[in-house]
Amino acid sequence: MRRLWLIFAQTVTVAVAILFVTSTLKPEWLPSRPSPVTVREAPAPAADDDDRGAASYREAARAALPAVVHIYTTQTVRKQRHPLLDDPVFRHFFGDRPELPPQPNSGLGSGVLVSANGYILTNFHVIEAARDIQVSLNDGHTHKATVIGSDPESDLAVLQIKGDRLPAITFGQMETLRVGDIVLAIGNPFGVGQTVTMGIVSALGRSHLGINTFENFIQTDAAINPGNSGGALVDINGHLVGINTAIYSRTGGSNGIGFAIPVSSARNIMEQIIQSGAVTRGWIGVEAQEITSELAESFGLPDSEGALIAGVVRGSPADDAGVRPGDVLLTVGGKPVKDPQVMLELIAALKPDDRSTLRLRRDRTVIEAQVRIGKRPAMRSEQE
C-alpha cells in the first residue's frame with residue numbers, strides 16, 4: 001500500500017511539473033479558457049507581409065516616397081553694418097572698423113520629382129537667394145540642381161537635376177478632392193529625414209491669409225513642420241494633390257493648420273516656367289481696397305460687393321480706359337468681383353493684349369469701360 005501511495009505521489013509531482021513548464025514556456029499548447037463575454041475578433045493577419053490592412057496607407061506612401069526629395073541650400077548672408085560705426089565721433093576715437101565678411105547660411109526643404117528627366121517642383125522660399133542647391137533622392141544619391149525659374153507671387157519654383165528614368169510622381173485630380181478626404185504629407189521636417197504624416201482635407205479654396213499674392217490653398221491637419229515646405233501632399237492612391245507650403249502657428253511647430261498649393265495651380269505655373277522661364281499674368285495698373293460697411297455707407301453704396309479703386313497708375317491700361325480713383329469695380333469680363341483678391345485673380349488670369357470689359361460704379365451710376373490687358377510686372381526678387 002505504501003508503495004502504491006509513493007507511485008501516486010511521484011506521478012502527481014511529475015504532472016504538476018510538466019503543467020508548470022508548459023504554461024510558462026508554451027502556453028499556446030494549453031486549451032484556452034472560455035471568455036466570460038462574447039466578442040468579435042479580427043482574423044489573424046495573412047502570412048504575406050505585403051498584404052495591406054484596411055486602415056493602412058502603406059501603398060500610397062510606397063508610391064509617393066521615391067518622388068519626394070530633400071533640398072539643401074547655401075546662401076551668402078551679409079550682416080548689416082551697425083549704424084554706430086558710421087558715426088563721425090565714434091570713428092574719431094575708435095577709427096574705421098572693417099566690415100564683417102559675408103557669412104554662409106544653410107537651409108533645408110523638400111521638393112517633388114514631377115518628370116523622369118529631373119524636373120522638381122518646390123517652394124520659392126526654399127531656394128530663395130541660394131547660391132548652391134543640392135538635392136538628395138530617396139535612394140541616397142545627391143545631385144546639384146539648377147533653377148529653371150520661379151514665381152514668388154505664388155511661392156513656387158522649378159529646379160532640374162541631371163538624370164533619366166527618375167521616379168516621378170503621379171499627378172492627382174483636384175476635381176475629385178473633397179473636404180474630409182484623407183491625405184498624406186511627405187517631406188523632410190527639421191532635417192530628420194523623409195517623414196509621412198496623415199490628416200484630412202480641412203478646407204478648400206483658402207485665401208485672404210496674407211501668405212502669397214495669389215492664394216487658393218488646400219487646408220489640412222496633416223502635420224507640416226519646417227523642412228516640409230515644397231514637399232508632397234498626396235491622396236490615398238499616392239497621387240499628388242498639393243505642394244506643402246505654409247503652416248499657421250505661433251510657436252513654429254505644427255498646430256494642425258497647414259496649407260498646400262493645389263496641384264492644378266502648381267501644374268499651370270510649372271508648365272509656364274518650363275516653357276518660358278517665367279509666369280505671365282494680366283495687369284491693368286490699379287490699386288484696390290476692400291469695401292467695409294463704413295466705406296459703403298460713406299460712399300452711399302448699396303452693399304460692400306466689389307473692389308474700391310484707391311489708385312490708378314499713370315499711363316497704365318486702366319488709366320487709358322478712363323478708370324478713376326473712387327470707382328467701384330463690379331465685374332471683369334462679366335465675372336463678379338467680390339473683393340480685391342478676386343479682382344486680382346480675375347485680371348491675372350487674362351492674357352496680355354487681350355481686351356476685356358470692366359463694369360464700374362461711379363457716382364451711383366453703373367458704367368462700362370473697355371480695357372486692353374497689360375503684362376503684370378515681375379516682382380523684384382523674381383527679376384534678380
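Observations on the model:
- In segment 57-99, residue surrounded by the most Cβ atoms within 10 Å (Cβ to Cβ) [restricted to those that are in contact with a helix residue (DSSP H, G or I) (Cβ under 7 Å, 6 or more places away or on another chain) and modelled with pLDDT of 60 or more]: Ile71
- Residue list for segment 370-384, restricted to those being buried (at least 19 other Cβ atoms within 10 Å of the Cβ) and not in a loop (DSSP other than H, G, I, E, B): Val371, Gly374
- Looking at Asp353, Asp339, just one residue is loosely packed, with under 13 Cβ neighbours inside 10 Å and within 33 Å of the chain's Cα centre (by Cα), and that residue is Asp353.
- So Gly300, is it in contact with a strand residue (DSSP E or B) (Cβ under 9 Å, 6 or more places away or on another chain), surrounded by fewer than 18 Cβ atoms within 10 Å (Cβ to Cβ) and either over 28 Å from Ser150 (Cβ atoms) or of a type in the set (Ser, Thr, Tyr) (or both): no
- Counting the residues of segment 198-225 that are touching a residue at least 40 places away in the same chain (Cβ under 8 Å) and in contact with a Ser or Thr (Cβ under 8 Å, 6 or more places away or on another chain) gives 11.
- Each residue in segment 100-115 was checked for being among the hydrophobic types (A, V, I, L, M, F, W, C) and either at pLDDT 90 or above or assigned by TED's automatic domain parsing to the domain that holds Ile224 (or both), and 3 pass.
- Verdict on Val126 being among the β-branched types (Val, Ile, Thr) and either under 19 Å from Glu271 (Cα atoms) or at pLDDT 95 or above (or both): no
The values are calculated or read from the model by the stated rules, or taken from the named source; none is laboratory data. Note that this is a predicted model, so its numbers are computed, not measured. Heads up, the Cβs are rebuilt from the backbone with ideal geometry, glycines too, and the neighbour counts pull from every protein chain shown.
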